[in-house]
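Note sheet for the following structure.
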Amino acid sequence: MKKLLFSCAMALTLSACTSNGPLFHSWEDYETERASGAVYKVEEPYEVKGVWYFPAEQTNYSEKGLASWYMPVGDSALTANGEVYDANLLTARHKTLPMPSLVKITNLENGKEIVARVNDRGPMVNNRLMDVSQEAARQLGMPSSGTVLVQVDYLAEESAALRDKLVSEGRVYQAEQTTVKEALLEAPEAVPANEPIYNGAVETASTVVLTGPKVRLGAFGDPNNVKRLQNKLGADMPLQTSQVVRNGKTLTIVEAGPFSTKAEAQKALTKLKAKGYKDAYLAK
């Protein structure tokens, strides 16, 4: 992963910025030289400083958290999906959302909102949800240093249009065939933002079929970690498990539910996030 410089410490004030570039949100923008190397990318789970992250499509993604702005090192720095970073475009970086994808970002401190394109990975800071480009920060009214509280909502239909165009042209990130790492699977509190995406196909599956919405907590390779999770949460809400085999490795998927309504499932999701399961999500 390329080295990025967090630029909040820069003396340049965001209020002095002007927007000279296009919004760069439609698939036609990927015909430009700036994005000639861009691909649709949902890469393998990855580790930074002992923390595992699980990139995945998350069509129901909606989250509050701290955000700031950033500037890559170098005049022609590439983003994680192959675009050339442009401070004048409305772009952002996120730890797990697909690239590119579109999100609505609302500054909860002043009510200003924008639509930005996620095209980079980061910020690798535990207490920060997202970083945005210089122009995005200017339009959101963010300070030249420090963070603000934002609401980030995934725009599923708009994101799908970008994805489908790139996929139709064969511009898709190709993951290397790798063996699932035990460290990723066996950290009891490391729950995926979505089921990890691997290159290998599902070989076998045995699933508990129950109706109603559910909340997915994670996938685990060690049955003992599944038991620990069940012991920790079983008294608070119903849990169910299912198994899949990928690349010769059996994974146990743990979900809360099913719930009778989506509202009840959302309430359970909120409760789980408060307990520290920040990447739990509503399963389809």
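A few points about this structure:
- Tally, over the stretch 258-284, of residues that are buried (at least 16 other Cβ atoms within 10 Å of the Cβ), of a type in the set (Gly, Ala, Ser) and either at pLDDT below 80 or part of a strand (DSSP E or B) (or both): 2
- Counted residues, the stretch 98-113 - those being among the hydrophobic types (A, V, I, L, M, F, W, C) and surrounded by fewer than 21 Cβ atoms within 10 Å (Cβ to Cβ): 1
- Here THR204 clears all of (1) assigned to a strand (DSSP E or B); (2) farther than 26 Å from VAL132 by Cα; (3) at pLDDT 75 or above; (4) not hydrophobic (A, V, I, L, M, F, W, C) except the condition numbered (3).
- Taken together, the residues in the stretch 104-159 that are at negative phi and part of a loop (DSSP other than H, G, I, E, B) amount to 19.
- Residue count, the stretch 135-161 (criterion: among the aliphatic types (A, V, I, L, M) and either over 18 Å from LEU102 (Cβ atoms) or over 16 Å from the mean Cα position of the chain (by Cα) (or both)): 7
- Selection from the stretch 39-57 of residues that are part of a loop (DSSP other than H, G, I, E, B) and touching a Pro at 6+ places or on another chain (Cβ under 8 Å): VAL42, GLU43, GLU44, PRO45, PHE54, PRO55, ALA56, GLU57
- Of the listed requirements (1) modelled with pLDDT of 90 or more; (2) surrounded by fewer than 21 Cβ atoms within 10 Å (Cβ to Cβ), LYS181 misses just one: (1).
- Enumeration of residues in the stretch 58-97 that are buried (at least 24 other Cβ atoms within 10 Å of the Cβ), under 13 Å from the mean Cα position of the chain (by Cα) and either part of a loop (DSSP other than H, G, I, E, B) or of a type in the set (Ser, Thr, Tyr) (or both): HIS94, LEU97
The values are calculated or read from the model by the stated rules, or taken from the named source; none is laboratory data. As the structure is a computational prediction, the values presented were derived from the model and not from experiment. Backbone-built Cβ (ideal geometry, glycine too); neighbour counts: all protein chains shown.
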